[in-house]
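Just dropping this structure here.
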Amino acid sequence: MTTTTMTMAKALNEGLRRAMERDPKVLLMGEDIGKLGGVFRITDGLQKDFGQDRVVDTPLAESAIVGTAVGLAIRGYRAVCEMQFDGFVFPAFDQIVSQVAKLQKRSDGVYTMGLVIRLPFQGGIGAIEHHSESPEAYFAHTPGLRVVSCSTPNDAYWMIQQSIESDDPIIFCEPKSRYWEKGEVDLENPPQGLYDAVVRRVGTDVTVVGYGSSVKTMLRAAETAQAEGVSLEVIDLRGIAPIDFPTLVASVQKTGRLIAVQEAPRTASISSEIVAELTERCFYSLRAPGLRVAGYHVPYPPARIEEEYRPSVGRILDAVDRVMDFEG
Amino acid sequence: MIDEELVQLLTPEGERVTHPDYASTLTGEQILSMYRDMVIVRRLCNESTSLQRQGQLALWAPIQGQEGAQIGAGRALAPMDFTFPTYREHGIAWCRGVPPEDVLRLFRAVSTGGWDPQKYRHHVPTIVLGNQVLNAVGYAMGIQRDGADEAVLTFFGDGASSQGDVLEAFVWASSFNTPVVFFCQNNQFGISTPSSTQSRVPLFRRARGFGFPGVRVDGNDLLACYEVTRAALENARAGGGPTMIEAYTYRMGAHTTSDDPTRYRVDAEVEVWKHRDPIERIKALLVREYQTRPASFEAVAEEAEAFALKLRDDVLAMGRPDPLSMFDHVYAEPHPLVEEGRREMAALLAQEGAH
Ligand SMILES: Cc1ncc(C[n+]2csc(CCOP(=O)(O)OP(=O)(O)O)c2C)c(N)n1
Ligand SMILES: [Mg+2]
């Protein structure tokens, strides 16, 4: 087994490189992704090695990036589109929802929409507005789209390659606050399927599930809870749409308690979906109602107060107390 | 004149040139006062960059090199006109009377706006490229319905000129003949992307295809920017419809404090533009034509220093917002989810305070 230590940013870069080496039809499109290597340097050096036809510095228009990726897909190419930040995906929303999501169906399966839309998402980097949003639920809500998120360099490396290989369109959510954290990457063996949820920490009392940047927060909460004698099972969702419910069900059947964590506003969200679905699927094994720890129903706040908005260890532990204290 | 299509009233050396359509109407006193504006706004940028480096701002978007375009356009406005900026119009904000420390609120990440847009008739900054241009056209449609003697001036960059919103705004403005002036600062770059990627023809020529005039002005020539904008606004107020102005300039600094321009441009290019500095050009004119004495320039420089000191103090005094303020103004009318969130957070904060 060959493993190397690298940041998530580097792992994505290496993953993109491997996908491009493997398949000449793969190309990257985005704003400032060539010479600059993207504002987060995820595509650093790729234009130099693969040329301007395969790493395209586009004119500044997200709708056009995705709209032309659709045409390229029809023509047999696999475009990986970079949205510079979460808050700038909305000009492309029309193309994503109206064409990307529906063309396989409308062409009766003649077309495949094997394209990837990379989205640096979530907050925690002290940025100004529109640079810290979590729009995943809009996409998860749309039939025809798949949504995934990585939380480790190893997953970043493999999941980006698996996404590019997929014949379905995938919204690939990258937790930007974790770009610079290092981890082991196994360069030979993919960890598991693209949509498989993974138990990051085994526990017995409460299942805590989330994705992207929340995974680290959940693990820290589990450490603290352990010291207080409560055992949390931490699950990294990875697949946001579809969600790997069998893995979640197995965990909740064991623990009997569920907390779903996310940065996005709580209402009509991924955590709402998880709690609702598990309430149905684990009707008789839940020992307490499932809870959500999420962002509030407000536009993402100015960064000086973003930590009050984002799920914190404290808020997760409060939820843990509530489900542990519950007597039905 | 090198470029016949470029409106220029002052050469980089500060010598006047004539133009068939535009003549400078500014007095020496006005020019000196606009010189002062440019110096102060540049000082604001330098101070903000230092504040960012010292961890006091999350980000800063400098305008060095674009002071002529912004002070020229900003001073051409009539008090009742309304402006729609991007995140880089600090010079326009200055001309509109927005308190300078308020301009920094967004960049200190204590606010997602920063000032009262109705009070200063200057909309809050828009970061999503191109959005505000459509909003500006809508505002201009309102002016039309009110029969008011006002115009709208809206800003965007060479990069944003590729956004659907901007091009759709052109269609609407033309179709409804709205009193709006589109002011595009072509500073040659998106972030790293050269303006040649956005357009194979000079940007101002696009306007004609949409059915209204486009003018390319030397963006480093304060006098020309002032006259071209003034004329376009007057025309708009008089019912003449939209104009697009392309201020041809150069971003002397980085895109923002997060950017590293050495990755995509060469120093030689920056050197060339240094000789076209908008402030030096006006200074040369003031000396040559108006015999402005060194003492006057020194007084401006001193004022700029004092300004920077005060700005720094004001910014450092800006406290962390009350976290509960995130629940304010989300809606105009009471909303149960917002109130629930407010109560939840208040309880959490009280609990933390008690610990
Ligand atoms: C819709 C959208 N996409 C991407 C961005 C990220 N971004 C911020 S500024 C910028 C470049 C803008 O260039 P230009 O319009 O020329 O304005 P300048 O910054 O040069 O003033 C980019 C790509 C954004 N703010 N909004
Ligand atoms: Mg520009």
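The values are calculated or read from the model by the stated rules, or taken from the named source; none is laboratory data. Treat the numbers as computed from the prediction; the structure is a model and nothing was measured. For neighbour counting, all protein chains shown are included, and Cβ atoms are generated from backbone atoms with ideal geometry for every residue, glycine included.
Yes/no per residue for (1) touching a residue at least 24 places away in the same chain (Cβ under 8 Å); (2) of a type outside the set (Lys, Arg); (3) within 30 Å of B:Ser111 (Cβ to Cβ); (4) surrounded by fewer than 18 Cβ atoms within 10 Å (Cβ to Cβ):
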residue	(1), (2), (3), (4)
A:Ser251	yes, yes, no, no
A:Ala264	yes, yes, yes, no
A:Glu277	yes, yes, no, yes
A:Ala294	yes, yes, yes, no
A:Leu317	yes, yes, no, no
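Do we find that B:Leu77 is buried (at least 20 other Cβ atoms within 10 Å of the Cβ) and assigned to a loop (DSSP other than H, G, I, E, B) in this structure?
Against the criterion (buried (at least 20 other Cβ atoms within 10 Å of the Cβ) and assigned to a loop (DSSP other than H, G, I, E, B)), B:Leu77 qualifies.
Let me ask another. What number of residues in the stretch B:116-147 are within 14 Å of chain A (Cβ to nearest Cβ) and either among the hydroxyl-bearing types (Ser, Thr, Tyr) or more than 28 Å from A:Ala92 (Cβ to Cβ) (or both)?
Residues in the stretch B:116-147 being within 14 Å of chain A (Cβ to nearest Cβ) and either among the hydroxyl-bearing types (Ser, Thr, Tyr) or more than 28 Å from A:Ala92 (Cβ to Cβ) (or both): 1 in total.
With the condition kept exactly as written, say whether any residue in the stretch B:299-310 is out of contact with any strand residue (DSSP E or B) (no Cβ under 6 Å at 6 or more places or on another chain), aromatic (Phe, Trp, Tyr) and modelled with pLDDT of 95 or more.
Yes, because at least one residue in the stretch B:299-310 is out of contact with any strand residue (DSSP E or B) (no Cβ under 6 Å at 6 or more places or on another chain), aromatic (Phe, Trp, Tyr) and modelled with pLDDT of 95 or more.
Test A:Leu72 against the criterion of being away from chain B (no Cβ under 12 Å), among the aliphatic types (A, V, I, L, M) and crowded, with 23+ Cβ neighbours inside 10 Å, and give yes or no.
Judged against the criteria, A:Leu72 is not a match.
Just to check your reading of the model, which residue among A:Pro242, A:Pro311 is farther than 23 Å from A:His130 by Cβ and not charged (D, E, K, R)?
Result: A:Pro242 is the single residue among A:Pro242, A:Pro311 that is farther than 23 Å from A:His130 by Cβ and not charged (D, E, K, R).
Considering only the stretch B:170-192, I want to know if a residue exists there that is assigned by TED's automatic domain parsing to the domain that holds B:Ala231, within 16 Å of ligand 1 (Cβ to nearest atom) and over 18 Å from the mean Cα position of the chain (by Cα).
Yes: one or more hits.
Answer yes or no: is there a residue in the stretch B:26-48 that is in a loop (DSSP other than H, G, I, E, B) and touching a Cys at 6+ places or on another chain (Cβ under 6 Å).
no
So which of B:Ala148, B:Ala109, B:Ala160 is more than 16 Å from ligand 2 (Cβ to nearest atom) and buried (at least 19 other Cβ atoms within 10 Å of the Cβ)?
Exactly one residue qualifies, and that residue is B:Ala109.
Under 6 Å by Cβ, and 6 or more places apart or on different chains, what pairs join a residue from the stretch B:320-331 that is surrounded by 15 or more Cβ atoms within 10 Å (Cβ to Cβ) with one that is among the acidic types (Asp, Glu)?
B:Pro323/A:Glu308
Just the residues that are over 24 Å from A:Glu307 (Cα atoms) and in a helix (DSSP H, G or I), please, taken from the stretch B:318-340.
none
Out of B:Glu246, B:Glu289, B:Glu269, I need the residue that is over 20 Å from the mean Cα position of the chain (by Cα) and either outside the structural domain of B:Tyr87 (by TED's automatic domain parsing) or within 16 Å of ligand 2 (Cβ to nearest atom) (or both). Which one?
So the residue among B:Glu246, B:Glu289, B:Glu269 that is over 20 Å from the mean Cα position of the chain (by Cα) and either outside the structural domain of B:Tyr87 (by TED's automatic domain parsing) or within 16 Å of ligand 2 (Cβ to nearest atom) (or both) is B:Glu269.
Could you tell me which of the residues B:Asp267, B:Asp260 is exposed (fewer than 14 other Cβ atoms within 10 Å of the Cβ) and touching a Leu at 6+ places or on another chain (Cβ under 9 Å)?
After applying the criteria, what remains is B:Asp260.
So, one more: If a residue has to be small (Gly, Ala, Ser) and more than 9 Å from chain B (Cβ to nearest Cβ) to count, how many in the stretch A:29-68 make the cut?
The total comes to 5.
Okay, residues lined up against (1) in contact with a Pro (Cβ under 8 Å, 6 or more places away or on another chain); (2) crowded, with 19+ Cβ neighbours inside 10 Å; (3) assigned by TED's automatic domain parsing to the domain that holds A:Ala79:
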site: A:Ala92; (1), (2), (3): no, yes, yes
site: A:Ser98; (1), (2), (3): no, no, yes
site: A:Ala101; (1), (2), (3): yes, yes, yes
site: A:Asp108; (1), (2), (3): no, no, yes
site: A:Val116; (1), (2), (3): yes, yes, yes
site: A:Gly123; (1), (2), (3): no, yes, yes
site: A:Gly126; (1), (2), (3): no, no, yes
site: A:Glu129; (1), (2), (3): yes, yes, yes
site: A:Glu133; (1), (2), (3): no, yes, yes
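Restricting to the stretch A:277-322, what's the tally of residues that are within 12 Å of chain B (Cβ to nearest Cβ) and assigned to a loop (DSSP other than H, G, I, E, B)?
10
Residues that are within 16 Å of ligand 1 (Cβ to nearest atom): find the strands (runs of 3 or more DSSP E) completely inside the stretch A:33-140 holding 3 or more of those.
The qualifying strands (runs of 3 or more DSSP E) are A:116-121.
Identify the single condition in (1) away from chain A (no Cβ under 13 Å); (2) surrounded by fewer than 23 Cβ atoms within 10 Å (Cβ to Cβ); (3) away from ligand 1 (no atom under 14 Å from the Cβ) that B:Arg200 does not satisfy, given that it satisfies every other one.
(1)
Would you point out which residue out of A:Ala276, A:Ala260, A:Ala288, A:Ala221 is in contact with a Gly (Cβ under 9 Å, 6 or more places away or on another chain) and closer than 30 Å to B:Gly319 by Cβ?
The match here is A:Ala221.
Limited to the stretch B:163-196, what total is found for residues that are more than 11 Å from ligand 2 (Cβ to nearest atom) and within 13 Å of another protein chain (Cβ to nearest Cβ)?
Number satisfying all stated conditions: 7.
While we're here: Has the stretch B:139-153 got at least one residue that is touching a helix residue (DSSP H, G or I) at 6+ places or on another chain (Cβ under 6 Å) and of a type in the set (S, T, N, Q)?
Checked against the condition, which is being touching a helix residue (DSSP H, G or I) at 6+ places or on another chain (Cβ under 6 Å) and of a type in the set (S, T, N, Q), the stretch B:139-153 yields no hits at all.
Right, another one. Filter the stretch B:95-106 for residues that are within 14 Å of chain A (Cβ to nearest Cβ) and surrounded by fewer than 19 Cβ atoms within 10 Å (Cβ to Cβ) and give the result.
Listed by number, the list holds a single entry, B:Asp102.
With respect to the numbered conditions (1) more than 10 Å from chain A (Cβ to nearest Cβ); (2) in contact (Cβ under 8 Å) with a residue 24 or more places away in the chain; (3) surrounded by fewer than 19 Cβ atoms within 10 Å (Cβ to Cβ); (4) in a helix (DSSP H, G or I), which one is the sole condition not fulfilled by B:Val315?
Of the numbered conditions (1) more than 10 Å from chain A (Cβ to nearest Cβ); (2) in contact (Cβ under 8 Å) with a residue 24 or more places away in the chain; (3) surrounded by fewer than 19 Cβ atoms within 10 Å (Cβ to Cβ); (4) in a helix (DSSP H, G or I), the odd one out for B:Val315 is (3).
For the stretch B:49-69, which residues satisfy the criterion of being surrounded by 18 or more Cβ atoms within 10 Å (Cβ to Cβ), small (Gly, Ala, Ser) and closer than 21 Å to A:Glu306 by Cα?
B:Ala58
Within the stretch A:15-37, take every residue that is within 22 Å of the chain's Cα centre (by Cα) and small (Gly, Ala, Ser) and give me the one that is nearest to A:Pro91 (Cα to Cα).
Residue satisfying both the conditions and the ranking: A:Gly30.
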